[in-house]
Amino acid sequence: MNILRILLLFSSAIVHGQYTGWSSFYSYDQITGVVGAKNGLVYGLAENSLFSYDPAANEVVPITTVSGLLGDNVNTLTISDNYMMVGYLNGMLGFHNLTDGSVVLDNSIDRNITIPGNNKSINSFLLKDQTLYISANYGISSYDFANNRFIESYFFGVNNSQIQVNQTELVGTSLYAATEQGLYKASTDNPNLLLESAWSKIAEGQWKAIGLINNTLLGVVQSGTVSICAALINDVAVESHRESGTLLWVDVKENALILSFSNKILSFDADQLVSTLATATGNLSGHTFSSATQLGDNLFIGTSGSGLLLHNPSETRVVSPSGPSRNEIFDLSVIAENDIWIAHGAFNQYYNPYPLNAYGISRLSEGGWQNLPFSSLSGARSIVSVAPNPNDTNQLFACSMHEGLLEINNGVVGTLWNQTNSGLESLDPIELGQNPNYRSVRVRDVAFDSEGSMWSITSFVAKGLKKHNVVGNWQSVDLLPVLSSPTRAAGYSKLEISLNDEIYFGSSSSGLIGYTEINGTPVLRSIGVAENLPTEDVRSVALDYDDNLWIGTTNGLRVLYGARRMFTQDVSASTVVIEEGGNVGELLASQNIKAIEVDGNNQKWVATDGAGVFLFAEDGKKTIHHFTKENSPLPTNFIQSLAYDNQSGKIFIGTSSGLVAFQGNAYAPSETLENIEVYPNPIRPQYNGPLTIRGLQANCVVKITDIVGNAVYETLSTGGSVQWDMNSFSGKRVRSGVYLIFVTTKDGLDSSVEKVMIIN
């Protein structure tokens, strides 16, 4: 993958980022804009990502945060020669070199404190020679495209106030501005364009579009719910056509303005004729339009929910990239690298799922993306967890925070379990101040024990922990003995079940809760602030390979060493102290921990609500990675969920703005030493990363020597892989040559010898 070069003009700093190892999985169903470029490609805007489509080759290429987008909402783009200019709602500018992949970012508008946040939106671009005119909610900025610098900005509202400019056009030296307060005109020869007096209003109304078509200025004025197409004759607006509806998008072509409404696409040409290119009927019935452009005989229509459509008299088909149905990733589960399930539901900090959503479920399999719409889910809303059955890879359960538990077999929706046909319970409407007839079965999560029994946790019911055994019987665990309030149950986190069938989960008001059976006797325990939790509100738990329970709360992180001890003795959670850069402090103090995952090397991935994603060493005392929106393809620093694939070593990161994945170097332990891999091999001079040895069993001794037997490195594997930085015991890089890798199992009954060539 090419090195991504980013120039931050505001600070005049050059940042080199290698986004190698990252992949993205964005939704392309919600198209917000379409642009037809002179290079023959069509570019689609899809919330916070883009894509190009080549009609000649029938090829689609996603353009995401991995390729240099910022992850913010894209509002407009323009293609000129070898550059793609991207304007964001927050005022950020991105200039993408389509030849070498470099990206120039300018945050001058975003950082300008004189412009309110809601006025920073970039609405359109106009490139004339090497001057780029930027139409924004505050006015117009001129930008020296050749030298990557702002020239000046124009605020020409009343008393030089900021004014929303939707589009500009330059005719000779006359600059026209379509604004929310009228159509304005000024001469670029005037040295005082900064002043209101340099601008004259030549037409009233909300001007949404302006474009020069075959030497005729055409525009659109919005008047209530009516869009008026007008031509500018001697600077006088002459009405050509009235159309009922709100103009959503305009693409300026050489021969016409392509106008998009929710139910039709129009063409407005230099002869002042308005013709209909498409309506939401026939092959286009049921689609809601958002934008459109035309290339030859093909009409490309952006839709709200159906992606980008190629439409002509012969066919109508989707040409946008495939992906999940939405970018809101609340929870996900990875069965294998190419088998990912996504839940798009939600609840707030109080475990309240309202307003209930109906977004369905998304799945990535070897056959591509399969999205199960709400209409197929038997009425199950607010799906907040998707859990596969480890004993049956074809079976999955979707947890609804209102309708109960939905069974899915081989991708086909089956039984919806609720209070009428299972042991699940609805919350008590009287206790929560609801109508007595109100029903809500708020299943947060399910997990499976070693016997194949399914455990579920339901919020706001006293007997929220349920067991459904392999013969179909239901059992309940009364949680009231460990809850802080005897009259009301709590909201709960996802479940964690150990190899010994101890069950752990967090509660919103009673700390960490654990349940097990000892010699057939149920044991229910909890720990809270009195046991060194920073708060009683626990949102995530994860067991590592050493039976240590990592506990994520809304106010920091704790570890319960030897977790099963909580069932037999008094225990306290431990604070992890980390020392980095000469500073000593509590690990993730005061952070809202949203999710925790343990990788194949017993390292901890931690998702936060605002600080991005961390990867910590096994003991948590060293930061291996800290990924943020600023230094990685993360679309936001507010992370919702994590899922680790122990076969591929990938960590999948779900956010409210999309799904990305990072290729890590930790893998699950293997059962034998038959398939050890050493890579890269050979190691060439330009490679600066570590050597990875995978396919190991847990607790293998790994010893590396030179060809004559001198030891240079030795370690013990915690998971299925180890890494070597190619430094010897002295801390210096080893010399070029062949090195032997000796691997021996903990019991000494199995061993393997591998070779690697290092070239410095």
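The values are calculated or read from the model by the stated rules, or taken from the named source; none is laboratory data. These figures come from a predicted structure and were not determined experimentally. Heads up, the Cβs are rebuilt from the backbone with ideal geometry, glycines too, and the neighbour counts pull from every protein chain shown.
For this structure, a couple of remarks:
- Residue within segment 352-363 that is among the hydroxyl-bearing types (Ser, Thr, Tyr), within 17 Å of the chain's Cα centre (by Cα) and part of a loop (DSSP other than H, G, I, E, B) present: yes
- Residues located in segment 710-732, provided they are touching a residue at least 12 places away in the same chain (Cβ under 8 Å) and either more than 25 Å from Gln603 (Cα to Cα) or in contact with a helix residue (DSSP H, G or I) (Cβ under 7 Å, 6 or more places away or on another chain) (or both): Ala711
To keep it simple, each residue is scored yes or no on (1) at pLDDT 95 or above; (2) surrounded by 14 or more Cβ atoms within 10 Å (Cβ to Cβ); (3) out of contact with any Pro (no Cβ under 8 Å at 6 or more places or on another chain).
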| residue | (1), (2), (3) |
| --- | --- |
| Gly157 | no, yes, yes |
| Leu175 | yes, yes, yes |
| Thr179 | yes, yes, yes |
| Lys201 | yes, no, yes |
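- Hits in segment 474-508 - residues which are of a type in the set (Asp, Glu) and either more than 29 Å from Val598 (Cα to Cα) or in a loop (DSSP other than H, G, I, E, B) (or both): Asp478, Asp501, Glu502
- Counted residues, segment 527-570 - those being part of a loop (DSSP other than H, G, I, E, B), touching a helix residue (DSSP H, G or I) at 6+ places or on another chain (Cβ under 7 Å), touching a residue at least 40 places away in the same chain (Cβ under 8 Å) and under 17 Å from Glu597 (Cβ atoms): 1
- Residue in segment 465-473 that is of a type in the set (S, T, N, Q), within 24 Å of Ser510 (Cβ to Cβ) and in a loop (DSSP other than H, G, I, E, B) present: no
- Within the set Val470, Val482, the sole residue that is in contact (Cβ under 8 Å) with a residue 24 or more places away in the chain and either more than 31 Å from the chain's Cα centre (by Cα) or under 28 Å from Met566 (Cα atoms) (or both) turns out to be Val482.
- Subset of segment 71-84 (residues that are crowded, with 22+ Cβ neighbours inside 10 Å and assigned to a loop (DSSP other than H, G, I, E, B)): Gly71
- If you go through segment 692-730 and pick out every residue that is at positive phi and either more than 39 Å from the chain's Cα centre (by Cα) or aliphatic (A, V, I, L, M) (or both), you end up with 2.
- A residue that is at pLDDT 95 or above, within 18 Å of the chain's Cα centre (by Cα) and buried (at least 22 other Cβ atoms within 10 Å of the Cβ) cannot be found anywhere in segment 395-407.
- Residue check for Ile624: over 18 Å from the mean Cα position of the chain (by Cα), in a strand (DSSP E or B), among the aliphatic types (A, V, I, L, M) and at pLDDT below 95: yes
- Qualifying residue in segment 147-164 (condition: closer than 24 Å to Glu47 by Cβ and out of contact with any Leu (no Cβ under 7 Å at 6 or more places or on another chain)): yes
- Every pair of residues 6+ apart whose Cβ atoms lie under 9 Å, when the first sits in segment 85-98 and is at positive phi and crowded, with 23+ Cβ neighbours inside 10 Å while the second is of a type outside the set (Gly, Ala, Ser) and in a strand (DSSP E or B): Gly91/Ile122
- Total residues in segment 425-470, condition at pLDDT 95 or above and aliphatic (A, V, I, L, M): 7
- Flag if Leu310 is aliphatic (A, V, I, L, M), in a strand (DSSP E or B), more than 30 Å from Lys594 (Cβ to Cβ) and at pLDDT 95 or above: yes
- Test: Ala462 is touching a residue at least 12 places away in the same chain (Cβ under 8 Å) and more than 21 Å from His344 (Cβ to Cβ): yes
- When residues of segment 426-459 are limited to those that are within 19 Å of Val538 (Cα to Cα) and touching a residue at least 60 places away in the same chain (Cβ under 8 Å), the one surrounded by the most Cβ atoms within 10 Å (Cβ to Cβ): Arg442
Listed here are the residues, each with its yes/no results for (1) within 22 Å of Leu170 (Cα to Cα); (2) out of contact with any Gly (no Cβ under 7 Å at 6 or more places or on another chain); (3) basic (Lys, Arg); (4) surrounded by fewer than 18 Cβ atoms within 10 Å (Cβ to Cβ).
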{"position": "Lys208", "(1), (2), (3), (4)": "yes, yes, yes, no"}
{"position": "Leu217", "(1), (2), (3), (4)": "yes, yes, no, no"}
{"position": "Ser223", "(1), (2), (3), (4)": "no, no, no, yes"}
{"position": "Ile228", "(1), (2), (3), (4)": "yes, yes, no, no"}
{"position": "Thr246", "(1), (2), (3), (4)": "no, yes, no, yes"}
{"position": "Leu266", "(1), (2), (3), (4)": "no, yes, no, no"}
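- A single member of Thr20, Thr32 is surrounded by fewer than 20 Cβ atoms within 10 Å (Cβ to Cβ), closer than 21 Å to Leu259 by Cα and either at pLDDT below 95 or out of contact with any Gly (no Cβ under 6 Å at 6 or more places or on another chain) (or both), and it is Thr32.
- Residue in segment 50-66 that is touching a Ser or Thr at 6+ places or on another chain (Cβ under 8 Å), modelled with pLDDT of 90 or more, assigned to a strand (DSSP E or B) and of a type in the set (Phe, Trp, Tyr) present: yes
- When each of Ser291, Ser333 is tested for being touching a residue at least 12 places away in the same chain (Cβ under 8 Å), outside any loop (DSSP other than H, G, I, E, B) and surrounded by fewer than 22 Cβ atoms within 10 Å (Cβ to Cβ), the lone residue that passes is Ser333.
- Residue match in segment 638-645 (condition: part of a loop (DSSP other than H, G, I, E, B) and either surrounded by 24 or more Cβ atoms within 10 Å (Cβ to Cβ) or not charged (D, E, K, R) (or both)): no
- Put simply, of Ile163, Ile140, Ile134, Ile109 the only residue that is under 26 Å from Ser67 (Cβ atoms), without any contact (Cβ under 8 Å) to a residue 40 or more places away in the chain and buried (at least 20 other Cβ atoms within 10 Å of the Cβ) is Ile109.
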